[in-house]
Every structure is written in structure tokens, then in C-alpha cells.
């Protein structure tokens, strides 16, 4: 797998007006971007360099969403604010046409599923964000496909190719049966697409997990990383987060889900038909992640063990949902 090279920070940061010398520090980065903390005197910023695409319009849409949320923010929740460069734009182009954006720093720590207050708080923040995103009207069209149109994104990754991909690796060969199991889940979810398409659709964050939220003490105060915002099922936002809680201890899993749902329901009440399809939406999230990493492995971006972990995790979540779907639905009542 190709490793990330150290970015040419002056090439990006030299395009901004600074009140004095700046300093850069390593920060937590995801697989899709490189992040650096920047200080200039007492001011702090976050530089985000996009490693997974060079699509100017994707970042512009992300910033349009953030600007709209800045005008009508979710109650009590902070979102990133881009800094304009000296050319007046919020997207900066660096070496190799790589894109970057500079954001004002939001003080806080990443939320943790191990903190009960963070679980409930993230639920409430998700509900508040859902309300705020529902009010947004933009002239721009979404760039990313909604989750429920999974097949449009991954049509070329059919059962035959996925099995060949698994059987072609010594590490993945023994997981071929899991790949078949997940492909069966994928086919079942595809049959629900017409039913899903009738549910309420709006702008959603699309990747709301604990690493993308900030807390101050026990209070959840901010939500980050709006890169994957799209128009999708309103309830899909819940499906993304609830998938994070699933583990071998069912009692603990349901307790965590109950806390999150209580927080969410303080802001939003889902329709009965949304709740009924939520188990399928959780599986849909995991199938999307599984196929995303299959594609990365196919393109040589990851080693086999990365996709291996995603295969095992997706199968674990789908099996749990199939066994406990009614218990999950009952949490809303």
C-alpha cells in the first residue's frame, strides 16, 4: 500500500494571509485526508488536505453546507468554519493539484463511546443536526449517491468479482464464505430499495461517528468532517451511528443504543416506517463500508488485512441485526 508522504505545507499555507509566523503540528488524520494543526500566535486552525479525490466541486459543496449551517446552526452544536485564502476562496490547490482547506479550530476532545454522557449527547447532537440540515435548501446537487442507491455505486463489484478478489489472497481465501454471506445480504437490501425510497429524504452528514464529534467534558459541542454530506434517507443518519455500537455483548450494545436513541428522540421523532426499516439501514451502512474497502483493495490502496477486517466486521454486524432486529425496534417505544 502506498504510504502518505509528508505534505508540502508552505505550498498550501503560503496562500493565506497570516498575522505572523505559523507553526504546524501533526494531528489525527483519517484514511481519506491528512490533517495538521496550525498555530499563529494565539490563533489555532486545522489544515485538511484531501488525499482521496481532486474534485473541487466536492469541497465546494461541503463548504456550502457548512455556510448554510453557519446561518442556521444546530442548537448548541458547533461546525467547522472554513478560512478564505488570499484569492477569496475556501479551497486551496497545492502540489499535484491536491486540494486543501483551512478551518478555524474548535476546542474539544473527540467523543468516546465509553462515556455514557457522550453517547446520549451524540444522540441529541445528531437530532439537532438532522433538524438543521432539514432546513437547508441549496442550488447545488449532491455529489455522493445516497446509501440506499448502493448498487449504482458498486454495480461492477458483483458476486463473482468479490469472490475472486477474496480467493486470490491467502489471507482472504478463508473468508470467501463470509463474502457470499454478505453478498446475500446485499441482494436482500437491494430488494428493499423501492420501500426505502418512500421514506423522508433530506441532507444528512453521512459519516457521523464518534471520531467526527467533539466534546468539552461530558457535553458534546461539535460535529466535524462534512465531506460526505448528501441527500439521503433521514433515518440513515441513525443507521450509521447505531452500527458503531454493535459488539459481542448484546446487553451492552442495546444499552448503548438506548442511550443514543433517547438523546436523538429529544430532538427528532422518526416515523413508524423509518423505525421499521432501521435494522436494514444499519446493514446497509456496513455493506457500503465493506464494498468501499473492497474497491480500495482492488485499486491497490490497502493491504489484504484491511479488507479482511471489514469483511469480518460487516458480517458480525449483519448477523447481530438479523438476530436482534425486534429488540432494536423496541428501543424506540
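The values are calculated or read from the model by the stated rules, or taken from the named source; none is laboratory data. The shown structure was predicted, so the numbers you read here are calculated from the model rather than taken from an experiment. Heads up, the Cβs are rebuilt from the backbone with ideal geometry, glycines too, and the neighbour counts pull from every protein chain shown.
Things worth noting here:
- Here the condition is being outside the structural domain of residue 66 (by TED's automatic domain parsing), modelled with pLDDT under 95 and crowded, with 16+ Cβ neighbours inside 10 Å; of 199, 277, 287, 208, it holds for 208 alone.
- Positions within the range 158-174 being closer than 15 Å to residue 287 by Cβ and touching a helix residue (DSSP H, G or I) at 6+ places or on another chain (Cβ under 6 Å), in sequence order: 159, 162
- Once the range 153-177 is narrowed to residues that are within 24 Å of the chain's Cα centre (by Cα) and surrounded by 14 or more Cβ atoms within 10 Å (Cβ to Cβ), the residue that is nearest to residue 305 (Cα to Cα) is 162.
- Single match in 222, 206 (criterion: in a loop (DSSP other than H, G, I, E, B) and in contact with a strand residue (DSSP E or B) (Cβ under 7 Å, 6 or more places away or on another chain)): 206
- Hits in the range 249-272 - residues which are in contact with a helix residue (DSSP H, G or I) (Cβ under 8 Å, 6 or more places away or on another chain) and over 20 Å from residue 121 (Cα atoms): 250
- As a summary of the residue check, residue 116 satisfies the conditions (1) touching a strand residue (DSSP E or B) at 6+ places or on another chain (Cβ under 7 Å); (2) surrounded by fewer than 21 Cβ atoms within 10 Å (Cβ to Cβ); (3) closer than 22 Å to residue 263 by Cα except for the one numbered (1).
- Elements of type strands (runs of 3 or more DSSP E) in the range 1-95, at least 2 residues being closer than 20 Å to residue 143 by Cα: 43-50
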